[in-house]
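Participant: Here you go, one structure.
Read-outs: derived from the displayed coordinates by stated rules, not from any lab. Keep in mind it's a predicted model, so treat the numbers as computed, not measured. Every residue, glycine as well, gets a Cβ built from its backbone with ideal geometry; the counts of neighbours run over all protein chains shown.
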Amino acid sequence: MDLAFYRGKRVFITGHTGFKGSWLCRMLVGAGAEVTGFALDPPTAPALFDLAGLKDRMTDVRGDVRDMDALWGAYAAARPQVVFHLAAQPIVRESYRDPRATYETNVMGAVNLLECVRRAMAEGFAPGSVLNVTTDKVYHNNEWAWGYRETDPLDGYDPYSNSKSCSELVTHSYINSFFQAPGAPAVSTARASNIIGGGDFAADRIIPDCVRAVQRGEAIRVRNPYSTRPYQYVLEPLAAYLLIAQRQYEDKRYAGFYNVGPDDCDCLTTGQLVDLFCKAWGAGATWENYAEANAPHEANFLKLDCSKLKTVLGWQPRWHMQTCIGMICRFTRVWLAGGDVPAEMDAEIKEFLGC
């Protein structure tokens, strides 16, 4: 895809200090967008946002999406043309530990962001395009072998997944209730599958667990090696988000609800994914099945049907999983060696976009 559309555009991103948000900001500032981010401090140490060299290339506002006044202040100052809502409590296990905060952030955060959009409409500076990023886990999971479609029932099992189902329903209601009038923005949601990539340092995620283990020279502990997930490299969904936001900005008929995931060949078990990592990393990297007592429920099988995104917008995944794992190892070696992380990010973006 061509990012020229974003040159000079005012873009507002919630959750910009997170893993995906940092990559998205790097893509957009590189394209010449005027980016404003609103988020809490980076959720991990180390943090990709700090490594990515973004601080002086965008407007970085720290705040909580649950704080409506603070969010509106940043939003109104930015007067965005395009909005990406990524802010979330994104970890399934954390949602079991603190379900209330998960719902407050993931549901009321979406309400507050959409209220900013609604207020901006009333004050005469509505954006042209809004995208709420949710997850593939919004669906009622029947553990069946085919992919979920956008018309399937929403009913996530755990507090994280369910809160994102609620965020979808909130968005649907705002579209129906407030964003049908002339001059209203085009609003969509994107339900992305499991995202991996260089610079993810989160707890309770498989690739960061792999990186931490090889750093320590230990075997990688894999909790659910036979669970199947639709893995994709971080640039895949970000390119899809940018494409959706652009197309609906240009033509509101493209607004809707989109699954974003890999082809079936990249729906792997966690054990297969870690096998690929160990092979790509080398240096004797190994893994072991870690049978955790009293582990919280997590789905065993999950797959998305992305026919709508492919048919309507002409989108196609670009990198298969072997390439993705190779890029993760490449990024990680640059970081561990104290190398130029922003240059590595830019190189990966350029390679991915084919430019």
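Participant: Report, by chain and number, residues whose modeled amide H sits under 5 Å from the one on residue 231, excluding near sequence neighbours (fewer than 5 apart, same chain).
Facilitator: Counting only residues 5 or more places away or on other chains, the set is 268.
Participant: Counting only other residues whose beta carbon sits under 12 Å from that of residue 11, what net charge do I get with K and R as +1, D and E as -1?
Facilitator: Cβ neighbours under 12 Å give a net charge of +3.
Participant: Roughly speaking, what is the stretch gain from residue 204 to residue 289, that is 0.36 nm per residue apart minus the C-alpha to C-alpha distance, in nm to one decimal?
Facilitator: 29.1 nm
Participant: Still on this model: Normalised by the residues of the stretch 3-353, what does the relative contact order come to in percent, with Cα pairs under 8 Å and at least six apart?
Facilitator: The normalised contact order for the stretch 3-353 reaches 17 percent.
Participant: Which far-off residues, 5 or more places away or on another chain, put their amide H under 5 Å from the one on residue 287, with H placed in the peptide plane?
Facilitator: HN-HN under 5 Å from residue 287: 220.
Participant: Need the C-alpha centroid separation for the stretch 79-145 versus the stretch 225-268, integer Å.
Facilitator: Centre-to-centre (Cα) distance: 16 Å.
Participant: Could you work out [θ]222 nm for the chain from helices alone, using -39500 (n - 2.57) per DSSP H run of at least four and dividing by all its residues? Round to the nearest 500 deg cm²/dmol.
Facilitator: It comes out at -12500 deg cm²/dmol, rounded to the nearest 500.
Participant: I've got another one for you. How do 247, 26, 79 rank when sorted from fewest to most other Cβ atoms within 10 Å of their own Cβ?
Facilitator: 79, 247, 26
Participant: So, one more: Rounded, prolate or oblate, given the Cα gyration tensor of the stretch 33-185, with a/c below 1.5 counting as rounded?
Facilitator: oblate
Participant: While we're looking at this one, here's another question. Just grab the label-to-label distance for residue 40 and residue 251, each label 7 Å out from Cα along the Cβ direction, in nm (one decimal).
Facilitator: 4.1
Participant: Starting from the Cα gyration tensor of the stretch 1-69, take the square roots of the eigenvalues, sort them a ≥ b ≥ c, and report rounded, prolate or oblate (rounded when a/c is under 1.5, otherwise prolate if a/b is larger than b/c, else oblate).
Facilitator: Taking the square roots of the gyration eigenvalues as a ≥ b ≥ c, the stretch 1-69 is oblate.
Participant: OK, next. Measure out, as a whole number of angstrom, how far apart the alpha-carbon centroids of the stretch 152-197 and the stretch 319-349 sit.
Facilitator: Their Cα centres are 31 Å away from one another.
Participant: A follow-up question, please. Using mean Cβ contacts within 10 Å as the protection proxy, how do 38-48, 128-138 order, highest first?
Facilitator: In descending order of packing, they fall as 128-138, 38-48.
Participant: Same structure again: Of the candidates 290, 174, 75, which one comes out as most mobile in a Gaussian network treatment of the chain with C-alpha springs shorter than 10 Å?
Facilitator: Answer for the Gaussian network model of the chain: 290.
Participant: Next up: Quick one: of the DSSP bridges fully inside the stretch 3-353, what percent are antiparallel, nearest 5?
Facilitator: So the antiparallel bridges amount to about 10 percent of the total.
Participant: Sequence neighbours fewer than 8 away in the same chain don't count; with that in mind, list the lysines whose C-alpha is under 25 Å from residue 20.
Facilitator: Partners found: 9, 55, 137, 164, 303, 308, 310, 350.
Participant: For the stretch 32-110, rounded, prolate or oblate, judged on the Cα gyration tensor with a ≥ b ≥ c (square roots of eigenvalues), a/c < 1.5 rounded, else prolate if a/b > b/c?
Facilitator: Oblate shape, in that a/c is at least 1.5 and b/c is the bigger or equal ratio.
Participant: Among 267-280, 50-63, how do they line up by average Cβ neighbours within 10 Å per residue, starting with the highest?
Facilitator: Output ranking for 267-280, 50-63: 267-280, 50-63.
Participant: Using Cα atoms only, what is the angle between the long axis of helix 19-30 and the major principal axis of the chain, expressed in degrees (0 to 90) to the nearest 10?
Facilitator: 60
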